[in-house]
Amino acid sequence: MSEPVQTIADRVLATALEATRAAGADVRVDLRRAASANVRFAKNEMTTSGESDELTLGVAVTLGKRQAWTSTNQVDPASVRAAVDRALTMAKLAPEDPETMPMLGSDAPKASPAPPAWDDALASMSPADRVAVAGRAIAAGDRENVQIAGFLQRGAFEHAIRTSRGLAAAHRETEASYTVTARTHDGTGSGWGGREVHLRADLDDLSIAKTAIDKAVRSAKPRTLPPGEYTVILEPQAVAEMLLFLVGAMNRRSADEGRSFFTGKAGQKLFADFVSLKSDPFDPRTPAAPFDDEGVALRPHAWIERGVAKDLFVTRYWAQKEGLAPTGSHRVHRLDGGSAASTSELVKTTKRGLLVTRFWYNRMLEPQTVMITGLTRDGLFLVEDGEIKAPLTNYRYNESPVKVLANVDAMTRDTVRVPSWGGIWHVPALRTHGFKMASASAAV
Amino acid sequence: MRLTRRTFVGGSALAALTSACGGSRTASRTASGPAQGSLSDRLVDDVISRALGAAKRGGASYADVRIVRRRTERIATREDHVASVGASETYGLGVRVIVDGAWGFSSSATVDGPSAEAAAASAVAIARAARPALKRPVVLAPAPVVKGAWRTPMEIDPFNVPLADKAQLLLDMWPSVRGVRLVKYGSGLFEALGEWKIFASSEGSVVEQNITRVWPSFTVTAVEEGQFETRASEIPAMQAGWEYVTRANLREKARELAEDALQKLKAPSITPGRKDLILAPSNLWLTIHESVGHPTELDRALGLEANFAGTSFATPDKRNNLRYGAEGVTLYADKTTPGGLATCGWDDDGVKTQRWDLVKDGVFVGFQTTRDQAAWIGESASRGTSYAEDHKSVAFQRMPNVSLAPDEKGMKALNDIIAATEDGVLITGNGSWSIDHQRYNFQFSGQMFYAVKNGQLAGALRDVAYQSNSLEFWRSCDMIGGPKTWELHGTLWDGKGEPSQSNAVSHGCPPARFRGVDILNVNARGKS
């Protein structure tokens, strides 16, 4: 599979055009290559490791107001023809969808070139290199006498889109996600560290492992404080875990339909003055694909600007219906606007609060207020008079990212890219007030 | 040479294999034509033997090959039109090896001899590279050599039903719904998941399975003056054919959903506090999943999932001496319940599926294990819970169906439980769900909430969630419904592992009552 995905996409498009010409259908070919490799370790030794290198071909067919899609991992000529035929048959028989938008073509705005998001060194990381990362963490865990677990996954992704109307776009990126969890042998302490990078040189794996170990050791034999509302310093991982629910609610159609927190609130100042949330795949700090899955060319977008809910995600259909501009679907988000030098500075300027490493099992509790529930985990500390005074037992929280960003009074200037479940998140650490720790959790 | 689909060839070595097992694990044939993907001489000779041979030559003490075709279908509608119609398929092989005590895994989307050998060689190289960072070599518990075939019993293969028919079924619900006051939106969804797979091991096992699962659902939204409530359906995902969907009475149920949504929008907001909690099976199944299913996964209890979902309070030292629940509580695991989403003939280690207790008469007695884990708790055989979601994923321990046994002596109906309750809340359906990383503190909501006062239902409520701790919760269980009230619910999308994999799993239970549970009000709107 050494052919570039663009070449395969061109070949697939030719087959698709041939198969759909008679029906007068439009076709979009979406070809992705994911070369992924991982190592997993737990209890201070390797557990599983593996790799896969697969193509995924998506074929979307539009026939007037009818549409359908198929997806397959087989790209030999017969399988491609079968996938296209199947999508066409499904489209012919599907009921009409009046919201069907025409496929984009050569006349659509072309995606501008984005800064590189690919790193040969990361793409070519060998099994031995990957095991060495695990080995360093395991050795550090053994030395410090903690139980250590972690996961390194590196991916090299290529993506090409072609449509029967002449749209062509391509992008490639590398990504590695490394997370480590350390636990003390007495079972009272647990710590976590993690990062996501696109450059091999940015993966300081030993530092991540040491962060987890340090937090584990320092979180042993915790004190208990009662549930209640607290000032909290959220480290970047915790910030992203709540932020993604807020971004998920930022949908113009849902707001217009009366079933979103943002109903009636567009353009209002909902957050602290300095808060800014942007998507910009052209910022070299936050490179990402400059087009979305439909092929819409993305432009830098400000969702929150100086605390104002400036804009919501708008689909092509809703834009057309309501006379708005479509925003495209952005994968990368950056929350910033702060000026603090570091998390340490946030700690130093906190009279009393809780320092949170990360959250866990976060779920929407009440969408009308974007109320989320989840747990603290892997390093929760009491801060008093500018110092970390003691480790604490964990809580379940019930709180809204709206309130977090409304009550925030300090944020670090710099952001980090955190491991996540989808999308690319560049976030700072921040301090906010009135955060509701709802009930005690005995989990370590 | 590329493998093409061929119908099963009689008279081959494989025909001998499947008939040798007596056909006892072969369920009814579908009415709809040749199987998707089939076991043929070509597969055995070219692909499977070459993979296993290459692994052995590379120094593997054990190897297995899975050839998997995984299909999904997804149809979404909103109000009176289709929103999305699509289908996906992946096909390929995965090779797992043990070399010098270390696991290695690799896969290929190409199912032919050379790719099988290359995947085996790659898996061996990965295992060798991992060896220096391994402290305890992998040891597999013995398992009998198995041969046979298994398929989901069904009348109509959902993958053979035209997508237009499926879309129409969902669209037919909107007319029943739209007339209800304040109901503005309705979304329909149909998902089907099909797995055809062959498992073959260096020990001589060869099995073929064809598993089909379906899940229709519908959600209604009512909106009034800046407030909205949704009401989702409670039709369980099931290992079944299309006949399950057509018999599910979707249109009638959709009408009820719409009326429920309006009722919920108008209902009073709950007064929080400790109350007796009656959970219908459509809610309780998920609580079982989180507070019993996951904690009793042995690898989790021993720290192997620490970096992702965490660990468990149910550690091996607690087996046989921890009171997990009240005396009437028996929770069992199986991959054999008819219709269960995790039900099949053999797991992905080739171990025959079975049923066993996790909690017996309230005492914690059992774990879920795989061949490489059984010895960790001194068991001489695996419980058969290994699973990989597709060809390119490594098989590991996954949840079997985990169920609450009905009370055969009491034979209670839901109405009996309500009649015995003075101050409580009845909850049906699933809403929010969350549990901590050692499986103690959990918080769940639901779809519909009803006050129970002096033995009667006393009107709908809104903004309800319940929060408890697993052991406190199960110990407070004092009434369990009889066999006639037992229902099977589940999910297609249980996540575990790194990289994360999906598992389909069912949980059967009767309704049950739990005393003195903390009931929360999640309303932060400032409205009552």
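The values are calculated or read from the model by the stated rules, or taken from the named source; none is laboratory data. No experiment lies behind these values; they were computed from the predicted model shown. FYI the Cβ positions are ideal-geometry reconstructions off the backbone, even for glycines, and counts take in every protein chain you see. Remember, those area values only see protein heavy atoms, side chains included, never the ligands or the DNA or RNA. Shrake-Rupley method; radii C 1.70, N 1.55, O 1.52, S 1.80 Å.
Summary of computed values
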| read-out | value |
| --- | --- |
| Projected label distance in nm at A:ASP120 and A:ALA34, using a 7 Å step from Cα toward the beta-carbon | 2.6 nm |
| Length-normalised contact order of the stretch B:365-502 in % [C-alpha pairs under 8 Å, at least 6 apart] | 21 percent |
| Theoretical gain in end-to-end length, A:LEU17 to A:SER339 [0.36 nm per residue, Cα-Cα removed] | 110.5 nm |
| Share of carbon and sulfur in the accessible heavy-atom surface of the stretch A:173-254 [1.4 Å probe, %] | 52 percent |
| Shielding of B:119-129 by partner chains, average beta-carbon count, 10 Å | 4 |
| Length released on extending from B:GLN168 to B:SER500, taking residue separation times 0.36 nm less the Cα-Cα span | 116.1 nm |
| Label zone at B:ALA375, where the point sits 7 Å out along the Cα-to-Cβ direction: the stretch B:96-124 residues whose backbone N lies under 20 Å | B:96-105 |
| Stretch gain in nm, segment A:PHE274-A:ARG352, where the contour uses 0.36 nm per residue and the Cα spacing is subtracted | 25.8 nm |
| Shielding of B:163-170 by partner chains, average beta-carbon count, 10 Å | 3 |
| Rg over Rh, two decimals, the stretch A:246-345 (C-alpha only, Kirkwood Rh) | 1.00 |
| Centroid-to-centroid separation of the stretch B:50-121 and the stretch A:325-377 [C-alpha atoms, Å] | 38 Å |
| Heavy-atom accessible surface that B and A bury in contact, both chains counted, 1.4 Å, Å² to 100 | 6400 Å² |
| Summed side-chain charge close to B:GLU234 - residues other than B:GLU234 whose Cβ falls under 12 Å, Lys, Arg +1, Asp, Glu -1 | -1 |
| A:THR62 accessible area, 1.4 Å probe, all protein chains in place, Å² to nearest 10 | 10 Å² |
| Long-range amide H partners of B:LEU341 with built H, under 5 Å | B:GLN239, B:SER506 |
| Value of relative contact order over chain B, rounded to a whole percent, pairs C-alpha under 8 Å and six or more apart | 15 percent |
| Exercise: per-residue mean of other protein chain Cβ atoms within 10 Å, A:52-58 | 5 |
| Distance in nm between pseudo-label sites at B:ARG247 and A:GLU322 (7 Å out along the Cβ direction from Cα) | 4.5 nm |
| Net +/- balance of residues flanking B:VAL359 in space, Cβ distance below 15 Å, scoring K and R +1, D and E -1 | 0 |
| Efficiency of FRET between A:LYS110 and A:ARG218 - r from beta-carbon atoms, R0 41 angstrom, step 0.05 | 0.20 |
| Rel. contact order, % - alpha carbon contacts under 8 angstrom, at least six apart, the stretch A:49-179 | 21 percent |
| B:SER382 long-range amide H proximity, modeled H, under 5 Å | none |
| Rounded to whole Hz, the Karplus (6.51, -1.76, 1.60) HN-Hα couplings of the stretch B:249-260, x for glycine and proline | 6, 4, 5, 5, 5, 4, 4, 5, 4, 5, 5, 4 |
| Nearest-0.05 FRET efficiency for B:ALA413 and A:ARG136, computed from C-beta distance (R0 56 Å) | 0.40 |
| Accessible area in square angstrom per residue, the stretch A:341-386, 1.4 angstrom probe | 30 Å² |
| Label point distance in nm, A:LYS265-A:ALA78, each placed 7 Å from Cα along Cα→Cβ | 5.6 nm |
| Sites A:ASP10 and B:HIS81, calculated FRET efficiency, Cβ-Cβ separation with R0 22 Å, nearest 0.05 | 0.05 |
